[in-house]
Amino acid sequence: MSKFSVYLRSLLDKSGEPIARIAEKAGVERTSIHKALKDERTLSYVALKRLIQYLELTLPEIRELNQYYEMLLQGEDVYEIQESICELLSDISQLHFSTGTKAAAAILEDEASVREGLIYGKPQVEKELRHILYQEIQDGEPCELCMFLPQESSLSEELIRLWECGQRFRVSQMVSFQPNHSGEGTNLANFQLLQQMIPMALVSFGQYFAYYYFEGAGSSVSVDPFPYFIVTPHYLIRMNQKMSIAQIQGSAGVIGLYQKHFQQVQEECQTLITYTNDLIEVLGDYMNSTTVEEYFTIMLQPCFGRYYTREIIQKYFDAQEPWKTQVVELADQRMGMLRDMKENYYTIFTESGLVQFAQKGIIVDLPSEYTRPLDIPDRLAMLKSFRDDLENGRVIGCIADDGKLSIPPYLTMTCDPRFGVHFYATRGFVRGAYTCNLHIQGANIGKSFCEFIKFLPNSKFVYPKEKTREVLKRLISELEEAERCSG
């Protein structure tokens with residue numbers, strides 16, 4: 001039985017009334033309720049609301065029942081992935097970034113040396129790990145960590161804190177994904193790994209690298225009491241599944257053996273995260289990582305790419321760089337692909353981003369050193385074209401309800417079912433546009449993000465269509481008035 005049918009039955013039983021009477025008083029077909037309790041039919045949204053009203057449910061009961069209803073409609077695995085994506089966007093919206101190097105706070109009051117041998121107890125293992133990390137990072141020599149950790153490890157939080165303090169060190173991590181055919185819950189397990197890795201990539205100054213391989217369910221069983229490890233320049237830390245027991249060794253021979261083995265296995269793995277900060281490479285990635293059949297993006301502003309003509313690109317691209325002609329050509333090719341799309345063009349954005357474009361003409365996903373703000377007539381033309389495309393269905397554009405869906409103001413996110421997920425730093429990023437661009441592939445990740453974006457229209461996470469129309473109408477009217485005054 002589904003969680004929805006089980007919980008609904010408990011609420012009906014709690015009322016103390018026969019189902020026939022509840023159905024009659026609530027205005028819901030009795031057979032619909034009976035079939036819903038057997039998972040033979042899905043109640044309509046209207047019928048659900050009538051039952052909620054008649055049964056006089058409390059707010060916690062309403063929220064739980066609605067949650068199970070959405071799980072029933074979408075499938076529990078899909079629902080949990082969607083919730084995880086919302087959590088991820090919220091998490092990366094609240095990350096803190098540093099442009100300089102700060103001294104990290106001392107982790108221990110004394111200068112005790114690292115304790116080699118066996119360490120028992122999770123708190124003691126975590127304490128010793130922090131001690132080793134700080135000692136290695138502050139050693140003055142280039143520091144690289146090689147990691148193979150259990151999925152539930154909390155070490156990522158400590159690494160993020162160090163990077164946020166401006167510390168410089170490199171991390172290479174090996175992760176195992178479950179193949180898509182492994183069964184229910186596979187995509188969610190893979191996505192939960194991704195949730196840990198994306199924040200590390202964003203705050204690491206481009207020094208976090210992940211490599212993945214596939215491992216079938218059950219094949220990870222090991223007779224080794226320490227199947228997980230971290231290799232630092234001076235230590236090998238081997239750990240159990242719960243990271244509650246660790247063995248620390250300082251033997252140069254053993255450390256070298258593990259480093260060499262890690263490198264050999266890494267070469268057999270697939271690269272999960274890559275970086276680029278070259279404008280031409282970024283445009284090339286845009287070209288190579290999406291198809292002409294579908295386009296999905298989440299960012300502060302709507303994606304106006306389909307309205308960038310060659311003339312517009314040349315007009316506002318001010319940089320007199322030697323490669324200007326190449327950039328204009330690549331940009332026109334890219335935007336030409338978007339102009340040719342007749343459907344399945346999804347853009348999720350914020351009201352503040354739309355207002356920013358209308359009032360200031362700033363394109364947030366183009367570097368300020370290369371482009372200047374758009375003039376009022378060009379802003380107005382783009383907004384009118386965008387409005388028309390929304391009306392005729394060529395573009396599916398939704399304003400995120402910022403109380404329910406956070407969009408990081410410093411990132412553009414695009415995804416494709418075949419090519420994965422791509423995060424591009426924009427003007428809002430403290431280190432500058434294009435200084436941190438991530439390309440994540442593998443384990444059906446792109447497909448999960450695309451399905452999430454397809455789900456958003458008509459969901460609780462975005463404005464109703466009428467409200468989006470009202471915002472656009474107001475902004476267009478304000479620009480028309482500004483154009484009349486300037487003329």
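Yes/no matrix, rows are residues, columns are (1) of a type in the set (S, T, Y); (2) assigned to a loop (DSSP other than H, G, I, E, B); (3) within 15 Å of the chain's Cα centre (by Cα); (4) buried (at least 23 other Cβ atoms within 10 Å of the Cβ):
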| site | (1), (2), (3), (4) |
| --- | --- |
| R394 | no, yes, no, no |
| C398 | no, no, no, yes |
| R418 | no, yes, no, no |
| H422 | no, no, yes, yes |
| N458 | no, yes, no, no |
| V471 | no, no, no, no |
Among the numbered conditions (1) more than 17 Å from the chain's Cα centre (by Cα); (2) over 26 Å from G284 (Cβ atoms); (3) assigned to a loop (DSSP other than H, G, I, E, B), tell me where R427 comes up short.
(2)
Pairs under 7 Å by beta carbon, first residue in contact (Cβ under 8 Å) with a residue 60 or more places away in the chain in the range 474-487, partner β-branched (V, I, T) and surrounded by 14 or more Cβ atoms within 10 Å (Cβ to Cβ), six or more apart or different chains?
L475/V355; L479/I376; A482/I376; E483/I376; S486/I376
Specify the residue that is farthest from the chain's Cα centre (by Cα); the eligible residues are those in the range 433-455 that are in a loop (DSSP other than H, G, I, E, B) and surrounded by fewer than 20 Cβ atoms within 10 Å (Cβ to Cβ).
T435
Would you check if there is a residue in the range 410-419 being acidic (D, E) and either at pLDDT below 90 or closer than 22 Å to S448 by Cα (or both)?
yes
Among residues of the range 266-292, those that are among the polar types (S, T, N, Q) and modelled with pLDDT of 75 or more, counted:
4
Failed condition for F449, given (1) in contact (Cβ under 8 Å) with a residue 40 or more places away in the chain; (2) at positive phi, with all others met?
(2)
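With under 22 Å from the mean Cα position of the chain (by Cα) and either at pLDDT 85 or above or of a type outside the set (S, T, Y) (or both) as the only criterion, which of Y307, Y295 stands out?
Details: Y307 fails: under 22 Å from the mean Cα position of the chain (by Cα).
Among Y307, Y295, only Y295 is under 22 Å from the mean Cα position of the chain (by Cα) and either at pLDDT 85 or above or of a type outside the set (S, T, Y) (or both).
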Conditions (1) under 21 Å from R115 (Cα atoms); (2) touching a helix residue (DSSP H, G or I) at 6+ places or on another chain (Cβ under 6 Å); (3) buried (at least 18 other Cβ atoms within 10 Å of the Cβ); number of the one not met by I245
(2)
Enumerate the pairs (first residue in the range 85-96 and of a type in the set (F, W, Y); second residue anywhere and modelled with pLDDT under 85) with beta-carbon separation below 8 Å, excluding pairs fewer than 6 apart on the same chain, so at least 6 apart or on different chains.
none
Which numbered condition in (1) in contact with a helix residue (DSSP H, G or I) (Cβ under 8 Å, 6 or more places away or on another chain); (2) surrounded by fewer than 16 Cβ atoms within 10 Å (Cβ to Cβ) is the only one that E40 fails?
(1)
Among the candidates Q263, Q301, residue that is buried (at least 18 other Cβ atoms within 10 Å of the Cβ), at negative phi and at pLDDT 85 or above:
Q301
Which of the residues spanning the range 4-38 are in a loop (DSSP other than H, G, I, E, B) and of a type in the set (A, V, I, L, M)?
V28
What is the one condition in (1) of a type in the set (V, I, T); (2) part of a helix (DSSP H, G or I); (3) crowded, with 17+ Cβ neighbours inside 10 Å that V46 does not satisfy?
(3)
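Let's see how each residue does on (1) within 40 Å of the chain's Cα centre (by Cα); (2) within 18 Å of Q67 (Cα to Cα); (3) modelled with pLDDT under 90:
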{"position": "M1", "(1), (2), (3)": "yes, yes, yes"}
{"position": "L8", "(1), (2), (3)": "yes, yes, no"}
{"position": "L11", "(1), (2), (3)": "yes, yes, no"}
{"position": "G16", "(1), (2), (3)": "no, no, no"}
{"position": "R21", "(1), (2), (3)": "no, no, no"}
{"position": "V46", "(1), (2), (3)": "yes, yes, yes"}
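So, restricting to strands (runs of 3 or more DSSP E) that lie completely within the range 195-260, which ones have at least 1 residues that are at pLDDT below 90 and hydroxyl-bearing (S, T, Y)?
On the way: elements: 208-214, 228-231, 236-239, 245-249.
The qualifying strands (runs of 3 or more DSSP E) are 208-214.
The values are calculated or read from the model by the stated rules, or taken from the named source; none is laboratory data. Remember, predicted model here, so these are calculated numbers, not experimental data. Please note: Cβ atoms are built from the backbone with ideal geometry, for glycine as well, and neighbour counts cover all protein chains shown.
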